[in-house]
Structure formats: C-alpha cells, structure tokens
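Derivation of every value follows stated rules applied to the coordinates shown; laboratory data play no part. Note that the structure is predicted; figures quoted are calculated from it, not measured. Every residue, glycine as well, gets a Cβ built from its backbone with ideal geometry; the counts of neighbours run over all protein chains shown.
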Amino acid sequence: MNLPALHASYGGHWLRGNAGSTQAVSKGDAIMAAADTPVLMLNAPLVATRLGYPDLSGLDLLEAFAFIHPARFCVPTPRGLAEALGLPVPETDADVPEMLQRAGGALIAACRDPAWPEREGAWSAVQSLERLRWPWAQVLRPHIAKPDRAERWLFARLPEWDEAGERPSPRQVEMPAEAVKAQLARLTGEGAESREGQRAYAQDVARIFAPRSAPGRPHLALAQAGTGIGKTLGYLAPASVWSSLSGGTVWVSTFTKNLQRQLRAEARRAWPAKRADGTPPVVVRKGRENYLCLLNLEDALQGGFAGRPAVLAQLVARWGAYTANGDMIGGDLPGWLGTLFRKRGIAALTDQRGECIYAGCPHYRKCFIERAARDSAQADLVIANHALVMVNAARARDPNQRPTRLIFDEGHHVFDAADSTFAATLSGQETIELRRWIIGPEKESRGRRRGLAARLADIASYDEPGAEAIAAACKAGLMLPSEGWLQRVGENQPFGPVEALLSAVRSATYARDESGQEAGYSIETEAAGLPGDVIEAAGAASEALASIRVPLIRLGGRLEAILADPPDWLDAQGRARIEGARFALTWRIELIGAWEALLDRLGGPVDPEFVDWLAVDRSDAREFDVAIHRRWLDPMKPFARVVLEPAHGVLMTSATLTDRTRDDDKWVSAVARSGAPHLDVAPLLSEAASPFDYAARAEVLIVTDIAKGDLPALAGAYARIIEASGGGVLGLFTAIRRLRSVHGRIADRLARAGLPVYAQHVDPIDTGTLVDIFRDDPRASLIGTDALRDGVDVPGESLRCVVLEQVPWPRPDILHKARRAAGGGSVYDDRIIRARLAQAFGRLIRSKDDKGHFIVLSPAFPSRLLSAFPDGTPVLRVTLDEALQRLADGLGASAREPAGGALQP
C-alpha cells in the first residue's frame, strides 16, 4: 500500500515512507510525520500514549479491520493483525511498518474480492463515513463496488424473534449413574485420558439433580475440583443428561467473561449449535447493559452522535449486522474498538440506565436483549454471571420462571457477588440516575426523550389518575440532585434536600477522617454517633424520597388496572410495553424504599446484621461521588432466602473453595460462605485433587531482600525477573499507584530488549484485550491488579512466571473491620490471604505440560500462609539474586537449595 507507515513502541519509533525504506526516527520526527500526512498505524491511542501526543490521528488499521471484517477476532498487535490477515509475522519492531503497509493492501484487496463475506451494507456505510470525514473512507470507497440494488438499512436486515409458549416445568427424574458416566465419556472423546477424579466429581454433581425432598431445602453441593480435573465437562455431563430426561433448564453462573466464553465452547460437545426448529439449546445471558440497544444506535446514527463518536456508531452498525447475539461487552464486538475512540460512545449504545421502553420501541421485535431473554427461557443450558442470577432471582416477574438447577462455577466469588447485589447505596451518582429516569435529560438532546412522561404519554392521555401520578412523580423528582451537584455539594451550596444530605455527609466524613486525607484515596467514616445536621438532613431527604415513591406506587396501580380492564386500543404490543413499565417501576420503588429505610436508621440503634458507613469517593485527587452505604454483615443470608430457598439443586464449585489449613476445619469457611447455615441444610462436600505434579513443575520463591516501600528496588526486581524469564511474566499488584510507578520505570528498558510489558490502568486497552495480547506473545509480560488474579487463563509458554509485589493483605476498610471482628480476627484475614494466594498461584499451571515459578517480593511472608500452595510444591526463601539464578537454571535446579533452605507448606 503506497502510504507511509509509523510504528511506536517503548523500544523506539520507526517510519516507512512511500519509497519503501524503514528508518528509526526520534519521537519528535515521528510526531511531525503523523501531523504532516495521514500515516498507517496500529492502535492509534496506544501509539499516541507512547509518543506523548494525545491528539495524534491517522489511518488506524484496526478501524479498517473493524469495518471490513466486523465481528471477527483479531489480537490488536502487529503479530495479531498479521496472523488475522495471513501475512508473515514481523520479527522485529523495524519490520512492523512494512507489515502495516502489506496489511493495508490486504484489507483493500478484501474489499475488491467478489467473495467478500461482509460486503452487504459496506457501500452504504462507507458513504455515511465519508460524510463524517472518516480518514479511511476516501481510501476504501473506490474499492467498494456499488451494489445493483439499494442496500437495506441495518434495522430492516435484522431477523425478528418469535414468541414461544412457556416451557413446562421439568419432570422429576432419577439419573442412572451409568448414564452420567457414558455421557462424560462421550464429551471427553474417544481415546481421552481416563481421569478417575473427573468421574467421581461428575457423580457427586449429579446428586443436585435429584428430586427435592422438602420445600425450601435444596440439594446443595460444595465441590472443590483442582486445576486439571476437567470440572467444566464434569458438571456439563450430568447437566446435559438431566436436561434431556427432564426437559428442564440448567443455569451455569460464572464470575468472569473469560469462563463464559470457555463454557460456550465446551457446551458444543453436549448440545448442537441449533435444534431442528432453529432455536439454540445453549444461550449466554448477560445483563441488559452488555447488549447493543438498537434504539440508542438509531439515535446515534441520526445525529445523536457527532465527530469521532459518530464514526464509532457507524462501525458498531456494521458489527450489528453480523454479530451472533449483540453482546458488546465480552461478546464478538472487539474489545479494543471502544478504546480506539477512548471509550466515548460504547456505554451510550447500551441500555445503561434502564430506560428501555420495551414494546413501545420500533425495534422491539428485533431487540438483542429480548431475543436473549426468550432464547434463555427455552434453552437447555443458560450461561450467566453471578450478579445476573441473583438480580433475576430478586426481581423475577414470575416466580415460576426462576431456575431450579443452578451451578455456580468460580464459586469462591459467590460471597462477593451477593455482597454487591444485596447492598444499599444512596449516592449522588445513583440519585441523579433516578432523576434522569423520571424526568429525562436536563439538556436538549437530539436523540429520543427518556423521561417517564414521554415514555408513558399514551397512558397519561387515556387515564387521568395515571397522568396525575406521573406529574406528581416528575414534580417530586425535581428535588433529586441535578447536573453540577458535585460542585454545589463541595462548595456547601446544595439545592434540594438530597443534595443537602450529601453535603452534610461530605462535611462529616472529612471532619472525622483520621487517615490524613491523602490525595487520591477515598475516605470513609462509620455511620454512628453522627452530628445532628446529618440526622436532620437525612430526615428531610427521606421525606423527599417518599414523595417520589408514593406517586410511583399509584402509577403502578393504574398500569395494573389498565391491564385488568384494557381499553379497545390496547394491543398485544401495548400490553407488553405496560408490563415492562410495571417491572421497571417495581424495582425503582423497591430501590427508593431501601434508601428510605437506610436513612430512617441513621442515628438509631446499631443493627448487628448490617454495616453502615459514609464515604467520599476520590480518584487521583478528584472527588467523583458522595455516598451512604449499607451492607449485610453476612450477605449469604439474603442470598439463601432469595436464591437458594426457591431452588431444587445448587452446586458451588471452584479450585479454591476450601481454606488450606487442617483437614478437620478446611470446609468451615466454605460452608459458612455458601448460605447453607441460613437454611439449616447440610451440603454435600466433595473434593477432587489436581492431577498435576506441582512438586516437579512449579516452585514458590519468597524473595527476602526487597524492602517494603522501596519503589526503585521493586521496579528493579520486576525488570530483572522479566529479563531472566525472557518475558511470560504475570505481575500482580495490590495498588494501582505502585503498578504505574513500576511500569514507568521499566517499560522502555525492557522494550529495547524485545520484552514488551503491557499494563492494566496504563495502556489504553481493555483488560480482556490485554490478556489476549499477553496470550499471543510468549515474550510479552502483563502487570495488573485483582482482575488479572482471577480472570486470566493462559496455558502454555506465554505464562511462565507469576510475581506478586507483596502479600495481598485485605484493605482495612470499615466493612472489612466489621467482618474481621465477627469472623475471628486475624484468622479471618489469613483465610482471605490464603484464598488470594491460591487463586494467584492457579494462574501458573493451567495444563499438565505447564511449568514455572511463583515469586512473592516480600521479606515478611508469614509461614502460616504457606498452606495456600498445593501440597508438595517447593517453597524457598531466597534473595533476589538467588531467585534470578533459579529462573535462569529452570526447574531442574530444584535439588540445589539456596542458603535459606526449603520450607514446608
């Protein structure tokens, strides 16, 4: 392709001109070249970050790839793009510009190819993008032939979903053990390695599918399956047998999107992609905020977006015509697409604020969200996440439609998911969202109106009491925080009773803070012994919220009356829209009620079942919210009532369910955190040990000579470890500030050695894409925080070493201190730390052929935490130099002990 190409990495900058020669250039020359003429580049925001020139623009090949091959996967690196286009992979940074030119030529050739599979809609889209001055439009337009017939708009091309009758309740069946065994053998495949642990695990899981013996007492199983057991197929085998025999639906719930993708792939062994009638037997179900909203997209395409976000909307529209399910977050929309536009627009294209008008939407019959809901109601297997399962159980429109068989994979996260689901938070951000839902946007918008009055205008014109209730709710909603609330609260000039409460909360939190108010960190204080002005403001705010809740209740009653005695003009679509409005009203009424209860208890006696506190949320020395929080001391109590009690069979499974202490009490914590004690149910306890030889394939090194708080030494240690390992390092940090500091000190040095280091919270790339990049390049390293400790599945050479910058102590916030006091003090802390260490160690060995080192840079690593690691794993206290020598020698050197000797876990 006859255009200049620019590549920038931490190791330098390379420019290839039209004449075909590549030169290393300075940062200034690279910026000047990009400013003078359009240049080919890959991932413009990342290049801009590395050049320190935020306004950089050019011909980003990722944007062209997203246009030409929508809904197709591509790792956003030179290597990934080359592999996606079938080009030779560049061996050095200096080879990248030439590859970029070849990639541009390959993308243009795809447009000219008569067999281009994504041709439909491209000609119309490129015309729209040219009007938006998208740089690629003029390059691509001459190569995209005008179709003989006018192309249909996206919204005309999408298929409609079909209504289906309710699926009958599952039959009560007993599963023969031989049927489960035979199904497992079929799923693992002929000639597969025989795993006794997997067979025993599958038989234990099968017990949750037996008929329930008493109401409110489900079969509950806690099953720990070590890495390598094959737990996914271990529970899919009995699940698929039961679904086939009973006609029922099994829900599998995960904590990470990565596991959802893995489950979808594994489920293809048990179920076909489509049934004979064309419906899917397996459905991935997510919250509404994950899916493309067609009405929001239409608004964006018709002028609701301008500038770069308008370009993004056109690219999303291209994707919308080819996506499998409309999932924008973790689905087949490239995770890097939003970051190319600095995340502007993606959130606005989903149903982030719960403003769906359901059957009132012109695209209702083609809605991705509605299709997923209907498909899941008819599916044999639904793959969801913990939060969605809990929210659906709490807000189920029809209790009979709750799932009766639930499998919680990554079960060690159920407690945390319940903690978030059953929490109450009254904050500025939450209340302003409620105001927008009731009143609509404060500023004139070129898009659709979203206020309650606009959404129910036809109801208001027909039903006078309903119209009065809407008007009363909108009038009362004006007392909620509005645009600019944070500045007014900070200046102690609030408007309305809720802002006055937030202002009083902020003042009290700062006044009582004893942390030194270090810039950048959030601050909090207990909601006990509060000053009178906070209590008085809480009372006034509670009255204001009640004035909103009461008319909303009346409105819900009017909608129910209209459904009971429908007018002649109310068709099936209108009925569905009113049902949707009732559902939205119900959960907002419950939300406001929870806020009122929270405020009414301020200043009263302490409720031992809850933990209440005030907070000012800050990031990088900037305040972004003020809040009052309430959490259950034990969130498994509402979980047991809402999720477990209606179910018939529930499995919680993970590789790290138990606390690796003495055998007689290792299950105590897992049982307590399952919700079983609140139902008086004795769960089945099952454990299948990992078949991996950790003693021969892993080594834990505790480095003793890196002092805590010594950032130069910490950065130096990371750099030397990555160099000794030749990349393949996953670095885990407990603080974003230290992560950024270390990355800033080591990235250039390592890049010049051909060892790229990517960083969460630094690189303008989403976490899922960072993991994809890391997995794709064995010489790359990745550093990040908690999301990487739990969400990384990278088997093979790409992950050879895991490094913790320190022991992952729990943050001593108010909630943790309350649970620590109730859970046994330091014993409670140790359980949390051992679980975190076990989860982090689990990133290292993902298959029987994996091997590597687990390094903790902490001279004060307590011996009582060593049981976090699998039995037999060598654990040694060493200096950094000794650790580097062991990395260089490989695991074969384990017999040669350092001066400190080996420790026993």
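For segment 576-586, take each phi angle, set θ = phi - 60°, evaluate the Karplus expression 6.51 cos²θ - 1.76 cosθ + 1.60, and give the result in whole Hz per residue in order, putting x for glycine and proline.
4, 5, 5, 4, x, 5, 4, 5, 5, 5, 4
Suppose we keep just the DSSP beta bridges with both residues in the chain; what percent of those would be antiparallel, to 5?
The antiparallel proportion sits near 35 percent.
Only helical DSSP H runs with n ≥ 4 go in: add -39500 (n - 2.57) per run for the chain, normalise by residue count and round the 222 nm mean residue ellipticity to 500 deg cm²/dmol.
-13000 deg cm²/dmol
Under a point-charge model restricted to the Cβ atoms of Lys and Arg (+1) and Asp and Glu (-1), what is the dipole moment magnitude of the chain relative to its Cα centre, in debye to the nearest 20?
Rounded to the nearest 20 debye, it is 1160 debye.
Mind ranking 577-586, 728-737, 676-685 by how tightly packed they are, going by the mean number of other C-beta atoms within 10 angstrom, highest first?
728-737, 577-586, 676-685
Of all GluC sites (Glu not before Pro) in segment 21-116, which ones are in loop regions per DSSP and have a Cβ with at most 13 other Cβ atoms within 10 Å?
When the GluC sites (Glu not before Pro) of segment 21-116 are filtered for loop state and at most 13 Cβ neighbours within 10 Å, E91 remain.
Using a Cα-Cα cut-off of under 20 Å, which lysines could be cross-linked to K475, ignoring same-chain neighbours fewer than 8 residues away?
K443
I need to check one value: relative contact order of segment 5-151, counting alpha carbon pairs closer than 8 Å and at least 6 residues apart, in percent.
That works out to 20 percent.
If you take semi-axes √(5λ) of the Cα gyration tensor in Å from the coordinates, which of [x] 55, 32, 26; [y] 65, 38, 21; [z] 41, 38, 32 do you get?
The calculated read-out lines up with [z].
In debye, nearest 20: dipole of segment 424-632 around its Cα centre with unit charges on the Cβ of K, R (+) and D, E (-)?
720 debye
Could you run the Karplus curve 6.51 cos²θ - 1.76 cosθ + 1.60 with θ = phi - 60° over segment 729-745 and give me ³J(HN,Hα) per residue in whole Hz, x for Gly and Pro?
So the J values, rounded to whole Hz, are 9, 9, x, 10, 10, 9, 9, 5, 4, 5, 4, 5, 5, 5, 4, x, 7.
What's the exposure ranking of M652, M175, M32, going from fewest to most Cβ atoms within 10 Å?
Ordered from fewest to most neighbouring Cβ atoms within 10 Å, M652, M175, M32 come out as M32, M175, M652.
Find how many whole Å separate the alpha carbon centroid of segment 4-79 from the alpha carbon centroid of segment 262-341.
The two parts, judged by their Cα centres, are 27 Å apart.
Only Cα pairs under 8 Å and at least 6 apart count here; give the relative contact order of the chain as a rounded whole percent.
Here the relative contact order equals 14 percent.
Starting from the exponent 0.38 and prefactor 2.2 Å, build the expected Rg for segment 5-151 from its residue count and divide its actual Cα Rg by it.
1.06
How fast does segment 654-801 diffuse by Stokes-Einstein, in µm²/s, taking the Kirkwood radius from C-alpha pairs at 4 °C and 1.567 mPa s?
73 µm²/s
Considering the dipole of the chain built from charges on the beta carbon (Lys and Arg +1, Asp and Glu -1) around the Cα centre, which of G248, A473, T586 is farthest to its positive end?
Comparing the listed Cα positions along the dipole, G248 ranks first.
Got a sec? How would F774, F368 order by Cβ neighbour count within 10 Å, fewest to most?
Ordered by Cβ neighbours within 10 Å, fewest first: F368, F774.
Express the Stokes-Einstein translational diffusion coefficient of segment 563-614 in µm² s⁻¹, to the nearest whole number, given a Kirkwood radius over alpha-carbon pairs, 37 °C and a viscosity of 0.692 mPa s.
231 µm²/s
At what distance in angstrom do the alpha carbon centres of segment 723-792 and segment 861-889 lie from each other?
Taking the Cα centre of each part, segment 723-792 and segment 861-889 sit 22 Å apart.
If we count other beta carbons within 10 Å of each Cβ, what is the order of M1, M41, fewest first?
So the residues, fewest neighbours to most, are M1, M41.
Please name which of T37, G557, A724 has its Cα lying farthest along the dipole of the chain towards the positive end, using unit charges on Cβ (Lys, Arg +1; Asp, Glu -1) and the Cα centre as origin.
It is T37.
Listed here are the pairs K231/K286; K27/K708; K231/K817; which of them are more than 32 Å apart at the Cα?
In this structure, K27/K708; K231/K817 lie more than 32 Å apart at Cα.
Rounded to whole Hz and in sequence order, give me ³J(HN,Hα) for segment 426-438 from the Karplus expression 6.51 cos²θ - 1.76 cosθ + 1.60, θ = phi - 60°, writing x for Gly and Pro.
Each residue of segment 426-438 in turn: 9, 9, x, 5, 5, 6, 5, 5, 5, 4, 5, 5, 7 Hz.
Are there trypsin sites (Lys or Arg not before Pro) in segment 78-165 that DSSP puts in a loop and that have at most 12 other Cβ atoms within 10 Å, and which ones?
The qualifying sites are R133, R149.
Give the residue list of chymotrypsin sites (Phe, Trp or Tyr not before Pro) in segment 36-117 that are DSSP loop and have at most 13 other beta-carbon atoms within 10 angstrom.
Listed in order of number, the matching sites are F73.
With the cut-off at 24 Å, report for segment 424-632 the share of all Cα pairs above it, as a whole percent.
47 percent
Please give the peptides 555-562, 265-272 ranked by average Cβ packing (other Cβ atoms within 10 Å per residue), highest first, as a rough proxy for protection.
555-562, 265-272
In a shell of Cβ-Cβ distance under 12 Å around I721, excluding I721 itself, what net charge do Lys and Arg (+1) and Asp and Glu (-1) give?
It works out to a net charge of 0.
Roughly what would the spin-label model give for A24 and Q487, points 7 Å off Cα along C-beta, in nm?
Inter-label distance under the simple model: 4.9 nm.
Under a cut-off of 18 Å between alpha-carbon atoms, report the aspartates and glutamates in cross-link reach of K257, not counting same-chain residues fewer than 8 places apart.
Straight-distance partners of K257: E266, E289, D327, D332, D409, E410, D416, D766, D772, D786, D790, D793.
What is the distance in Å between the Cα centroid of segment 190-253 and that of segment 362-422?
19 Å
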